[in-house]
Amino acid sequence: MFQYNLLKSGTDKMKAINSSRQKIVENIRKSMMAGGISHTLPQLPFTDIESESKEELYERFSQSLKTAGARVVLLDVSELEGYLKEKCPGVIDLREKSVWERYKGMKPSEMEAKAGSVLVSGKMGVAENGAVWVDETCFPERLLPFITGNLILSVDEKKIVRDMHAAYAAIAGKLQGFGVFISGPSKTADIEQSLVYGAHGAISLDVVILRG
Amino acid sequence: MKVAKRYKIGLFIPCYIDQFYPQVGIATLELLRKLGQDVHYPLEQTCCGQPLANSGAEDDAKAVYRNFVRNFSEFDYVVTPSGSCAYHVREHYDILEQSEDVVKVRRCTYELCEFIADVLKVDDLKINYPHRVGVHQSCHGLRGLKLGNPSELISASYSKVISLLEKAEGIELIKLDREDECCGFGGTFSIFEPAVSARMGRDRVDDHIRNNAEIITATDMSCLMHLEGIIKRNNKSIKVVHIAEILNSNTL
Amino acid sequence: MRSHSERAALFLKDQNRVTWHDETLWIVRKKRDKAAAAVKEWEELREKASQVKEYVLSDLAYLLLEFEKNATQNGAVVHWAADADEFNRIVLEIINSKSAHNIVKSKSMLTEECGLNHYLEEHGIDIVDTDLGERIIQFRNEPPSHIVLPAIHLKKEDIGELFHEKLGTERGSTDPQYLTRAARAHLREKFVNAQVALTGVNFAVAENGSVVVCTNEGNADMGVHSAPVQIHCMGIEKIIPKMEHLGIFTRLLARNATGQPITTYTSHYMTPKVNGEMHIIIVDNGRTERLASRDYRDALKCIRCGACMNTCPVYRRSGGHSYGFTIPGPIGTILAPHSLPGKIVYKDLPAASSLCMSCSNVCPVKIGIHEQIYKLRQELIRKGYGSLVKRVVLKISGFVFSKPHLYDLSGKMVRIALKKLPRALIYNRVNTWGLERELPDVPVQSFKEWYRQNESNK
């Protein structure tokens, strides 16, 4: 009926785990008979929502980011290099694949010492909450965007979507390895609900929205 | 105050109003008559059974439920000056066998303001009430009977209770810091959790005083009984008045 | 063990702290209102979320097996734990198989539920909670008082003093930014040396075997990507069918929890890192038993946003620890009594609610929390758990209220008693109403007496 993937190993321990697996699945099936009501999945919501112009999406996206504590700048693609030179000296520019080799397999402690500021090319921005989607194809090590003190994310203005429904519609079926929505710098309010940036992840976040 | 239709109404006066606040029952009776209704008060009535059921004794409450149904099945509507009791009859009499009488009583039991707003559709109450009034939105009326939109729900703003009060001339409805926080009565909650209950009550009274209300009103005397107990113990200068008494106050 | 009402009374002794606690959580509730109101399809989203979760509960076995198949294909190792003991044992075995001793953990209510920290400590393994709030309470050796804001019962002075002792911060320093930086430095060292990282799971996606973890601090990612071994711990109910359903839940979760439109990090873990190991432990621990209960199964829809706590007028004034259960507040109240197999525990909790229904209205997956509290009260009395006195009083009241003449007579006697008896006798210790409240004045006549006299013959 279903495959016992773990049975292959054949050890006693695996058998024990397997018996819990079987027990849980059986209990679920029994409970269905006892009081289970069959439900169907709802239609996915909000396909009828009116579309927004590029300007409206940009406006909402950058507003959401500012609320989340990020700095936002709109640049023409041709202005990016100059901007980085001036504002982000020493940034590790991960758009350059040649840079990747240096960080692949690097120990966290070493990474911490070296990755003061990191630029990651984001794949998509979400207007409703300022989240930027980055995945494994954007960086050589998963830890980099988190361990760095200052994270810079670039997003193509044309890649700003309205909401999380649109975002997941774009990701579904394509997720590989690891991916994350990042919205603002790391934060906490665990001490008396006072907002503090830089809990464990990046202390500051710059989002560069690229036009043209 | 003319209304188009005259209904045969069974007046249900909750047990604590019957015993401690007869003036609220009288005001309800008079008000319904002013509104042209044929009001009857069945003398064999006792209680809706909620105090038992809320304590977990639903099974013991069944006999009380049956007595309620016996008393009120003959009327077009059952009207009561309590959102909580009306809610209980509608929501929790589901454990009785759903005979024709039970179904009818559950369907026809209304809280007073709701009855005036939804059934009689009165839009002209000729009353004068020159006071600063804070409306305590009792939870079972607000969230159970949906007499208004609770602040948690993202929906259009309305309040059947406030809309009625706004018709009174001279009334000043004050805005509270927390528009619909529970007062902490909660039936037997007030007995089993006295410290939290009293603190909730004090906070509710303070909200009214801070916003300069003279009077706290509500659809439910039970909430007001609790708040009155707090007010008296702490010698606060604010009064509680049931909404039936306001709506029944001197006619213009 | 003290009851909720006794613990609440203790918490309420410090009235100023209660004012602060209440106000602070009320502000979180207001932030949630504002964030929710900004989404015009909010109520529709709640409805859809509820429907997805209901579907999940109706097809859980299939979804879990589908998840297992896909996660395994991704290179993760999936474990199944029937109960807390087995869960703890699996974690320990993984840790021991790596001879690991640097263990970090991001927030997981499941590990709290199973008592994992305690179990590991008993086996000589230190585990470091990395969420700031969790670290604070771990230093204090106490449980969280809120599922999203674990240290909300503490003031910055408490934390300043604690960090002075534990982290060597300046004595008397209470600045949140200063204290947070100190914790950051302290935990950075733990992260970069971590050998095993544990996380909870917000959502597990059946269609591709990935798990989603939401944090603001970034502590889940710091741990997971630093340590060679990552372990994700999930209850069986965390499954959702597809990625597209994340659209619904990620829109609801943070808005409802803290008023943010999304958490800072919404991380999707699908495969182990290069040369790393990824374990997923699926835990039952009483959940299938709940699933079989028509009355209480809906509680399994919970996505642990904590909004029912923030809105609860009782929770805000009694504090999370007054519940005595891992998960406090309204949702804890309906989870606790059936949290152990075959018996009812935490019998005091169903009474710790004024049934104001606000919890059910804020719930992002529309759990009828107040209805379940009501049902639990019925179950407790039906199964004979109430005190004898309470049960006798209820029996007598039921009898009296069903007999009109007896009711009239008893009412009259009560009123006479209240009028005639000396105050000291009425305001005794048993009269909990009278501890902080006056009883109503007693009228000359009941309404019924008045009616009989004035109206009966009309």
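The values are calculated or read from the model by the stated rules, or taken from the named source; none is laboratory data. If you're wondering where the values come from, they're calculated on a predicted model, not measured in any experiment. Reconstructed Cβ throughout: ideal geometry from the backbone, glycine too, with neighbour counts over all protein chains shown.
Here is how the numbers come out for the structure above:
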quantity: Given (1) over 20 Å from the mean Cα position of the chain (by Cα); (2) assigned to a helix (DSSP H, G or I); (3) more than 7 Å from chain A (Cβ to nearest Cβ), number of the condition C:Ser50 does not satisfy; calculated: (1)
quantity: Scan of the range C:89-109 for residues that are under 25 Å from the mean Cα position of the chain (by Cα) and surrounded by fewer than 22 Cβ atoms within 10 Å (Cβ to Cβ), ordered by number; calculated: C:Arg89, C:Met109
quantity: Residues satisfying the stated conditions in the range C:340-358, i.e. part of a loop (DSSP other than H, G, I, E, B), without any contact (Cβ under 8 Å) to a residue 40 or more places away in the chain and not hydroxyl-bearing (Ser, Thr, Tyr); calculated: C:Gly342, C:Lys343, C:Val345, C:Lys347, C:Leu355, C:Met357
quantity: Within the range B:59-81, considering residues that are out of contact with any Phe, Trp or Tyr (no Cβ under 6 Å at 6 or more places or on another chain) and closer than 18 Å to C:Lys448 by Cβ, the one farthest from the other protein chains (Cβ to nearest Cβ); calculated: B:Phe75
quantity: Within the range C:382-431, considering residues that are outside any helix (DSSP H, G or I) and of a type in the set (A, V, I, L, M), the one farthest from C:Lys343 (Cα to Cα); calculated: C:Leu421
quantity: Selection status of C:Val104, farther than 18 Å from C:Gly235 by Cα, part of a strand (DSSP E or B) and either within 11 Å of another protein chain (Cβ to nearest Cβ) or in contact (Cβ under 8 Å) with a residue 24 or more places away in the chain (or both); calculated: yes
quantity: Near pairs, Cβ below 6 angstrom, 6+ apart or cross-chain, from the range A:22-38 (facing chain C (nearest Cβ under 7 Å)) to any residue that is assigned to a loop (DSSP other than H, G, I, E, B) and modelled with pLDDT of 70 or more; calculated: A:Lys23/C:Ala82; A:Ile24/C:Asp284; A:Ser31/C:Ala292; A:Ala34/C:Ala292; A:Gly35/C:Ala292; A:Gly35/C:Arg294
quantity: Any chance C:Leu64 is within 23 Å of the chain's Cα centre (by Cα), under 30 Å from A:Gly173 (Cα atoms) and assigned to a helix (DSSP H, G or I); calculated: no
quantity: Some residue of the range C:258-275 being basic (Lys, Arg), farther than 22 Å from A:Leu44 by Cβ and over 23 Å from the mean Cα position of the chain (by Cα); calculated: yes
quantity: Looking only at the range A:177-208, and only at residues there that are at the interface with chain C (Cβ under 7 Å from one of its Cβ atoms) and outside any loop (DSSP other than H, G, I, E, B), the one that is surrounded by the most Cβ atoms within 10 Å (Cβ to Cβ); calculated: A:Ile182
quantity: Residue check, A:Gly125 assigned to a strand (DSSP E or B) and touching a Lys or Arg at 6+ places or on another chain (Cβ under 7 Å); calculated: yes
quantity: Test: residue in the range A:156-175 that is surrounded by 20 or more Cβ atoms within 10 Å (Cβ to Cβ), under 16 Å from A:Gly69 (Cα atoms) and touching a Leu at 6+ places or on another chain (Cβ under 9 Å); calculated: no
quantity: Residue that is nearest to C:Arg7 (Cα to Cα), among those in the range C:121-145 that are under 18 Å from the mean Cα position of the chain (by Cα) and at the interface with another protein chain (Cβ under 10 Å from one of its Cβ atoms); calculated: C:Ile137
quantity: Hey, C:Ala182 in a helix (DSSP H, G or I), closer than 28 Å to A:Gly69 by Cα and within 10 Å of chain A (Cβ to nearest Cβ) or not; calculated: no
quantity: Members of the range A:102-122 that are within 14 Å of chain C (Cβ to nearest Cβ) and either of a type in the set (Val, Ile, Thr) or part of a helix (DSSP H, G or I) (or both); calculated: A:Tyr103, A:Pro108, A:Ser109, A:Glu110, A:Met111, A:Glu112, A:Ala113, A:Lys114, A:Val118, A:Val120
quantity: Where a residue in the range B:65-81 is without any contact (Cβ under 8 Å) to a residue 24 or more places away in the chain and its partner, wherever it lies, is of a type in the set (Lys, Arg), with Cβ under 9 Å and at least six apart; calculated: B:Asn67/C:Lys403
quantity: Residues of the range C:422-458 classified as of a type in the set (A, V, I, L, M, F, W, C), surrounded by 11 or more Cβ atoms within 10 Å (Cβ to Cβ) and over 44 Å from the mean Cα position of the chain (by Cα), total; calculated: 2
quantity: Entirely in the range B:174-252, the helices (runs of 4 or more DSSP H) that have 3 or more residues that are in contact with a strand residue (DSSP E or B) (Cβ under 9 Å, 6 or more places away or on another chain) and not aliphatic (A, V, I, L, M); calculated: B:194-210
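To keep it simple, each residue is scored yes or no on (1) over 15 Å from B:Asp220 (Cα atoms); (2) within 8 Å of chain C (Cβ to nearest Cβ); (3) in contact (Cβ under 8 Å) with a residue 24 or more places away in the chain; (4) more than 20 Å from the chain's Cα centre (by Cα).
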| residue | (1), (2), (3), (4) |
| --- | --- |
| B:Lys5 | yes, no, yes, yes |
| B:Ala27 | no, no, yes, no |
| B:Leu31 | yes, no, yes, no |
| B:Gly36 | yes, no, yes, yes |
| B:Ala57 | yes, yes, no, yes |
| B:Gly83 | no, no, yes, no |
| B:Glu100 | yes, no, no, yes |
